[in-house]
Amino acid sequence: MSAEYATFGLAPAMRAGGVLAGGDHQVHRDCMDFVIDGRPLLFHLSDLDAVSPLASDVPPAIFTTHVRRLLLEADAPLPDGRYVIYGCPECESLACGAVTAVIERDGTDIVWRDFAWQTYETVDLEQGGYHGIGPFRFDGDQYRQELERLLTSEAADGPEPGPDAPAGQRVLLIGARVAVLAKLAAALRTIGIGADITADAAQVPSEELRGYHAVAFGRAITEDERAAVRHAFTRAAADVAYVDGLAPVIPVLVAQIQHALDRSAPARRRLVRLTAADGTAEVDVTSACRVSLVAYRLDRLYRTHVQEVFDGVLEPGQHRIPLDTRAVKGQSFVVARTTGSVLVAPMVHH
């Protein structure tokens with residue numbers, strides 16, 4: 001085994017949920033991702049929709065158990081000293097598949113090795129092993145310091161996630177079309193994002209404003225009204241992202257809000273740019289990943305038409321993707337989605 005050390009870190013990440021074509025939805029998940037030698041470990045897995053066990057929406061006791069396992073202070077959940085590194089974002093069933101690895105001590109060091117895709121209690125490394133990933137050797141002190149940041153000192157009722165643990169997301173919706181806002185709030189709650197509706201943020205107590213992570217404005221809200229909302233959040237010392245709704249199309253609005261909620265560093269995102277013009281989309285990705293493009297078109301009666309226009313694995317770099325011109329004529333929008341990232345662009349017609 002190589003004696004060369006890798007650096008170990010943790011960084012906020014998300015699994016981009018959303019309202020999908022055909023009415024399906026996938027759950028939004030916030031978690032801490034593993035960063036090895038400055039690069040998210042998940043980037044080594046080009047076509048995997050998964051989250052780490054360090055998710056924001058698990059109960060505090062379970063979150064702490066996951067951290068203690070990674071610290072080797074609790075027994076491995078699987079035979080042969082194997083630990084779940086990434087699991088299904090919709091449930092915790094091993095039957096859905098999980099990326100696992102052996103985590104062990106080697107003197108004062110910590111080693112992650114024998115990464116594999118696992119669907120049963122035992123794993124066949126010949127068939128299910130990720131032969132191009134690891135092994136990784138970490139300095140034990142640096143490794144423990146990173147994980148222990150997620151834990152506070154033990155209180156009388158036991159350990160709880162510390163201040164660096166990911167927090168659940170909440171969004172404040174402000175607009176004139178109450179029916180659209182109600183549908184948008186319902187869609188956000190369905191995928192795991194808290195949403196509230198108000199007509200006047202100035203009347204909301206400062207401690208409540210500080211609980212929001214984004215504010216979404218409807219198109220009918222004037223610039224003066226937007227400025228008053230921004231002033232209220234500034235006065236409350238609340239750090240929020242502001243979203244200007246592109247269209248009364250719920251999946252597009254959900255995707256815009258999810259992009260605004262992504263606080264990860266741009267260098268740690270897979271999907272970094274999307275433009276759409278004259279029937280062509282341009283997409284920039286930082287690592288090999290599966291990307292889907294869905295077009296939403298409003299006809300003259302403001303009915304929404306939805307069509308998936310691309311789904312495939314893209315290599316790092318810039319890609320020009322021709323789209324079905326019938327799917328993007330007139331007023332239309334393109335939503336690009338990959339694990340951990342979502343972007344929206346209006347189609348521009350020259």
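Details
- Within the accessible area of the range 217-337 (1.4 Å probe), percent carbon and sulfur: 51 percent
- By DSSP, the beta bridges lying fully in the chain are antiparallel in about 85 percent of cases.
- For a label point 7 Å along the Cα-to-beta-carbon line of His349, residues of the range 279-317 with backbone N under 15 Å: 279-280, 296-303, 305
- With the simple spin-label model, which puts each label point 7 Å out from Cα in the Cβ direction, the Ile197 to Gln142 separation comes to 5.1 nm.
- Helix 250-261 and the longest principal axis of the C-alpha atoms of the chain enclose an angle of approximately 50°.
- Accessible surface for the range 1-109, divided over its residues, is 41 Å² per residue with a 1.4 Å probe.
- Computed 3J(HN,Hα) for the range 270-281, one whole-Hz value per residue from the Karplus formula 6.51 cos²θ - 1.76 cosθ + 1.60 where θ = phi - 60°, is 7, 9, 10, 7, 9, 10, 9, 8, 6, x, 10, 9, glycine and proline marked x.
- Student exercise, the range 45-159 dipole from Lys, Arg, Asp, Glu Cβ charges, in Debye to nearest 20: 160 debye
- From its DSSP helices (H runs of at least four residues, each -39,500 (n - 2.57)), the chain gives a residue-normalised ellipticity at 222 nm of -5500 deg cm²/dmol.
- Here's the picture: a label point sits 7 Å out from the Cα of Tyr242 along the beta-carbon direction, and within the range 171-191 the residues with their amide nitrogen under 19 Å of it are 171-177.
- Protein heavy-atom surface of the range 19-129, 1.4 angstrom probe: 49% of the accessible area is carbon and sulfur, with nucleic acids and ligands not counted.
- Longest exposed-site-free window of the chain, the sites being chymotrypsin sites (Phe, Trp or Tyr not before Pro) in a DSSP loop that have at most 13 other C-beta atoms within 10 Å: 121-301
- Modelled this way, with points 7 Å down the Cα-to-C-beta line, the labels at Glu126 and Asp37 are 2.9 nm from one another.
- Residues whose amide H falls under 5 Å from that of Gln169, counting only those 5 or more places apart or on a different chain, are Gly194, with hydrogens built in the peptide plane.
- With all protein chains in place and ligands, DNA and RNA left out, the 1.4 Å accessible area ranks Lys183, Lys329 as Lys183, Lys329, largest first.
- Cα-based convex hull, the chain, per residue volume (Å³, whole number): 154 Å³
- Based on Cα contacts under 8 Å between residues 6+ apart, the range 28-136 shows a relative contact order of 18 percent.
- Only Lys, Arg (+1) and Asp, Glu (-1) charged, at Cβ; the chain dipole about Cα centre in debye: 1540 debye
- Ligands, DNA and RNA are left out, and with a 1.4 angstrom probe the accessible area of the range 230-271 is 41 Å² per residue.
- 3J(HN,Hα) couplings calculated from phi for the range 129-136 with the Karplus curve 6.51 cos²θ - 1.76 cosθ + 1.60 (θ = phi - 60°) are, in sequence order, x, 8, 6, x, 10, x, x, 10 Hz; Gly and Pro show x.
- Inter-label distance for Asp47 and Gln318, nm, one decimal - labels placed 7 Å from Cα along Cα-to-Cβ: 2.7 nm
- Gaussian network model of the chain, Cα within-10 Å springs - most flexible of Glu223, Glu73, Glu92: Glu223
- Our coupling estimate for the range 223-233, obtained by passing each phi through the Karplus curve with A = 6.51, B = -1.76, C = 1.60 and θ = phi - 60°, is 5, 5, 5, 5, 4, 5, 5, 4, 5, 4, 6 Hz, Gly and Pro reported as x.
- Between the amide H of Leu78 and any residue lying 5 or more places away or on another chain, no distance stays under 5 Å, with hydrogens modeled in the peptide plane.
- Unpaired cysteine residues in the chain (no second Cys Cβ under 4.7 Å): Cys31, Cys91, Cys289.
- When you restrict to C-alpha pairs under 8 Å that are six or more residues apart and normalise by the size of the range 283-350, the relative contact order lands at 36 percent.
The values are calculated or read from the model by the stated rules, or taken from the named source; none is laboratory data. In this text the structure is predicted, and so the values were computed from the model without any measurement. For neighbour counting, all protein chains shown are included, and Cβ atoms are generated from backbone atoms with ideal geometry for every residue, glycine included. Remember, those area values only see protein heavy atoms, side chains included, never the ligands or the DNA or RNA. Shrake-Rupley method; radii C 1.70, N 1.55, O 1.52, S 1.80 Å.
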